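The structure under discussion appears below in the form of structure tokens.
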Amino acid sequence: MIDVVINVTLLAFLAITAVAIVRMTNLFAIIMLYGIFSFLSAAMFVVMDAADVAFTEAAVGAGISTVLMLATMALTKDHEEKRPAGHRPWLPLAVVIVTGAALVYGTMDIPAFGDVDAPAQSHVAPYYIEKSIVDTGVPNMVTAVLASYRGFDTLGEVVVIFTAGIAVLLLLGGRRRKTAAENRGGEGNDT
Amino acid sequence: MTHNLVLRVVSKTLIPLIIMFALYVQFHGDFGPGGGFQAGVIMSAAIILYTLVFGLDAAERVMPPMALRILASLGVLLYGGVGVATLVMGGNYLNYTVLASTQIAGQHLGILLVELGVGITVFAVMLIIFFAFAGRGRR
Amino acid sequence: MDFIIGHYNYWIVIVLMMVGFYTVINRGNLVKKIIGLNIFQVSVFLLYISIGTVSGGAAPIATEGVELYSNPLPHVLILTAIVVGVATTALGLALVVRIKEAYGTIEEDEIHKCDHTL
């Protein structure tokens, strides 16, 4: 019973934080709330027995992401979202509500949360759970699956991260170009 | 922030602990929660803390950008190299069993090396990204 | 009541997903849009981990005397997805910085105005 209460409360906090992020206009507050959002989701992962995932989310989502967003905010010198006059949010709101309703309709057939006999639990997972300690001698099944059974997959992920690093270096690593405002003043010499 | 005494002292004691924790997470990932991805991020967090307190120039002396680029490629190469090594030793690509005499020992060695490659790449790429953002603000 | 508790996770996931979706499609600040994308992303993570949860199961680390474990496969998929997610977020933020340098603003409708006047 107690885990259901924790589950319900944490998820409610997550939803409230997300709605607060949408309604706010101060970017600094939004970024800080996003850090809180990440920590809450990490707590949620712990409740759902995903220790490795919680660990990663706490380090990455609440740590690195927040730092990068703050750096972007400092670079763009933009602290407030401007709400243009006469802008009506009805169309996006309608799209979101219709999509959400369709998705909720889709959940009616999903097996209940925590169901031991759900199809997701009965195909590859039992093999990993039974054999990973025999095959690899590594008690942490997540590491065994990540590095051994699905090593090829992880190789791809590492290459994706490497590529993203190169792309950021290409976009921001070079010399700083003059902004549009500065260009209007002098001659536009692009480097 | 370079003149804030409390921050300087506290971060000086914290950074070695963070690095040690990262190494623990890296090499204890087989038995408890952890692994290369987490360790790389935690390790880069230590250097990011150093950058925030002591400034970008000091951090770039500790971690030269060129070394980071080499490290990032080295991690991917280590991962792919383990695969090539297994191919040469007569197994399938990334089938670590052939790396040592017994299956368990081979798998252990393979997982250790591969996680090390992941950790190095994640560490270097996170710092490359952070330095790119931080360096952009400097005219 | 059991039905509500059994599906509550999925409904909150959908709420988060839609909040993120709304932030992305509603015109606004580009940094806020990227945060919206991140919220969407976290909702997908929660969906996967929710599907992999087994009630009464232990975390998937082999221990003596434990029979029932949660499904390790979604954990592996999401673990890598989180780190790839931060790399792509960084890429998006880098693009935002370059847009700011080129246009002088990161508000979407002002960027559109700039494009029309050119």
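The values are calculated or read from the model by the stated rules, or taken from the named source; none is laboratory data. Remember, it's a predicted structure, so these values are computed and weren't measured experimentally. Note that each Cβ is placed from the backbone with ideal geometry, even for glycine, and that neighbours are counted across all protein chains shown. The protein model used for the area step is the full one, side chains on, heavy atoms only, and it has no ligands, DNA or RNA in it. Shrake-Rupley method; radii C 1.70, N 1.55, O 1.52, S 1.80 Å.
See the values below:
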quantity	calculated
First in the stretch B:1-29 and over 10 Å from residue B:46 (Cα atoms), second anywhere and open to solvent by 70 Å² or more (accessible area, probe 1.4 Å) and outside any helix (DSSP H, G or I), Cβ under 9 Å, 6 or more apart	B:7/B:1; B:8/B:1
Qualifying residue in the stretch C:67-85 (condition: more than 8 Å from chain A (Cβ to nearest Cβ), surrounded by fewer than 24 Cβ atoms within 10 Å (Cβ to Cβ) and outside any helix (DSSP H, G or I))	yes
Only one of A:109, A:115 that is outside the structural domain of residue A:34 (by TED's automatic domain parsing), among the acidic types (Asp, Glu), without any contact (Cβ under 8 Å) to a residue 24 or more places away in the chain and surrounded by 12 or more Cβ atoms within 10 Å (Cβ to Cβ)	A:115
Selected residue (criterion: surrounded by the most Cβ atoms within 10 Å (Cβ to Cβ)) from residues of the stretch C:18-42 that are farther than 11 Å from residue A:22 by Cα and more than 7 Å from chain A (Cβ to nearest Cβ)	C:34
Residue in the stretch C:68-88 that is within 23 Å of the chain's Cα centre (by Cα), closer than 25 Å to residue A:108 by Cβ and of a type in the set (Val, Ile, Thr) present	yes
Top-ranked residue in the stretch A:144-165 [being closer than 25 Å to residue C:64 by Cβ and within 9 Å of chain C (Cβ to nearest Cβ); ranked as surrounded by the fewest Cβ atoms within 10 Å (Cβ to Cβ)]	A:149
Output for the stretch A:118-143, where each listed residue is open to solvent by 60 Å² or more (accessible area, probe 1.4 Å) and more than 7 Å from chain C (Cβ to nearest Cβ)	A:119, A:122, A:123, A:127, A:130, A:131, A:134
Contacts under 6 angstrom Cβ, first residue in the stretch A:58-81 being over 14 Å from residue C:90 (Cα atoms), partner charged (D, E, K, R) and open to solvent by less than 20 Å² (accessible area, probe 1.4 Å), 6 or more apart	A:81/C:32
Lone unmet requirement of (1) in a helix (DSSP H, G or I); (2) farther than 21 Å from residue A:140 by Cα; (3) within 11 Å of another protein chain (Cβ to nearest Cβ) for residue B:92	(1)
Members of the stretch A:63-118 found to be touching a strand residue (DSSP E or B) at 6+ places or on another chain (Cβ under 8 Å) and under 30 Å from residue B:126 (Cβ atoms), listed by number	A:78, A:79, A:80, A:81
Single residue of the stretch B:12-50 satisfying the filter (in a helix (DSSP H, G or I) and in contact with a Phe, Trp or Tyr (Cβ under 7 Å, 6 or more places away or on another chain)) that is farthest from the other protein chains (Cβ to nearest Cβ)	B:15
Helices (runs of 4 or more DSSP H) enclosed by the stretch A:79-191 - at least 2 residues per element that are modelled with pLDDT under 90, more than 27 Å from residue A:55 (Cβ to Cβ) and among the small types (Gly, Ala, Ser)	A:180-185
